[in-house]
Every structure is written in C-alpha cells, then in structure tokens.
1. Under a 5 Å amide H to amide H cut-off, with H placed in plane at 1.01 Å, what residues pair with LEU67 once short-range neighbours are removed?
2. Ranked from highest to lowest mean number of other Cβ atoms within 10 Å per residue, what is the order of the peptides 167-177, 189-199?
3. Tell me the label-point distance for the pair LYS34, ASN78, using the 7 Å Cα-to-Cβ offset, in nm and rounded to one decimal.
4. Can you tell me, using C-alpha contacts under 8 Å and at least 6 residues apart, the relative contact order of the stretch 31-116 as a whole percent?
5. Please tell me the relative contact order of the chain in percent, rounded to the nearest whole number, where contacts are Cα pairs under 8 Å and at least six residues apart.
6. Taking the Cα centroid of the stretch 4-68 and of the stretch 125-166, what is the distance between the two, rounded to the nearest whole Å?
7. What FRET efficiency, computed as 1/(1 + (r/R0)^6) with R0 = 45 Å and r the Cβ-Cβ distance, is obtained for TYR208 and SER18, rounded to the nearest 0.05?
8. Over the chain, what percent of the accessible surface lies on carbon and sulfur atoms, probe 1.4 Å?
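The values are calculated or read from the model by the stated rules, or taken from the named source; none is laboratory data. Here the structure is a predicted model, which is why all the values come from computation and not from measurement. Note: ideal-geometry Cβ built from the backbone for every residue, glycine included; neighbour counts use all protein chains shown. Note: accessible area is taken over every heavy atom of the protein model, side chains too, but ligands, DNA and RNA are not part of it. Shrake-Rupley method; radii C 1.70, N 1.55, O 1.52, S 1.80 Å.
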Amino acid sequence: RRYNSQFICFLGKEDNFSFPRNQLVFWDESKRRKIGMLMLKENIDTFYLTRNVVIVVTNIKILLFELIGLKFISKIDNVLCEESLISIMDKNPMTIGYISTDIKTLNIITMIKFKIDTKKGVVQSRNKIGVITQFEKIKHIQFPENNDEVIICVSQYENKLHVYSTFDNILLYCVFLGQMMMTISNIFIDSKIKFLIFELDNDEVHLYKL
C-alpha cells in the first residue's frame, strides 16, 4: 500500500488468485470508494504515486499512467527494475533515473525527463538528459528529495557515495563511508550542495560536509 494525498493504492499478491500480483486497485480516501484498477499481463514489482502520475514497474519496463482516469501516457523499456535502482523526481518536468539492463555490471544510469500535460494526460516532451557510467556496481540510486540538481549513487558494499550533476553528468563528490553495518534509507543534500545527510535503517543520521 502506498498513497499520495487522498489516493491509496493496493498491490495484489502472487499467491492470491482473486487479487493477483498483476493488479493495482486505487482507492479514494475522501470518497471512501474504489475509483479504478490497473491490470497488466506481467507481475508488478513496485509502483509510485506522484502528484499526477502513476508509475508502474515490472521486471523489464516502467509504465506511466495518468492518476485520474488511469490513461496510459508512456513507457521505458529495458530497465533493471529493482526498487533500489530506480529514482523519481516528482516535478513537471518529471525526471526518472534508472539502471539499464544492457550492462550486467549494473553501472549505467540513464536519466529521462518527461514534461507531462496534466490536463490532457499526454507527454509533451521526453528527453534523455544524461547517461552516467560508474566503474563500480551500484546498489542504490536516489534523487535527494529537496534537490534535483544531483543524483546520488551508493556503491554495492555501501562504502562510497558518488554525487553526480544531473545537468552535465559530471562527478561532483565521492564520499568514503567506511564499512557500514546498516542500509541507507534516505538521502538529503542542501540547495548549495555543501552538506550531505543520510538516514540509516537503524534511525541513525549522518552529516557530511562536501
């Protein structure tokens, strides 16, 4: 279950024949009723609700649907659809960063910017704004919630953070974390890109000066 404002979304389960994993049910919390359902041919791995768009992730593609009416908007093929390897900046234009499947070493990050007409439910423009190659396996990528100028990559063993510019794909900072025993859950960076803050699964908060 994930929700955005008044809308709640429920994802089915693989072992539930009446509500299988290829279905998403949408509930309007203010009206207290079901408002729609999405059913795909393949199982759904995860999904995201933004302000205007539903982003559905399967094992090989990302699908975009209009939140009101569930009209299909666009899709991205050939992605490595693990939840930790996809990040979304919920603005308009919306930016989706993901790891592509054509490299087995998991070190190619592609970023696509979608400009969506929310009234008509159509993509006005779709531009690939960057491709980043990193020479280490990546475990996690994330746009900081408060800054769309950078994308942050966590290396496979969580001992390094790489901060890349989303404008020119240049590596800005590499932060050595040492051997960490916990998983990073949230990452924040200030507007001037001077301080990096991340939260661990055990509720610890770490602050780094860049």
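1. Amide H neighbours of LEU67, under 5 Å, 5+ apart: VAL53, VAL54.
2. Details: 167-177: 12.9, 189-199: 15.4.
Per-residue mean Cβ counts within 10 Å order the peptides as 189-199, 167-177.
3. My value for the distance between the label points is 3.8 nm.
4. Values: 154 pairs, mean separation 15.1, N = 86.
The value is 18 percent.
5. Contact order relative to length: 9 percent.
6. 26 Å
7. Values: r = 49 Å, r/R0 = 1.08.
So, using R0 = 45 Å, E works out to roughly 0.40.
8. Carbon-and-sulfur percentage of accessible area, whole number: 51.
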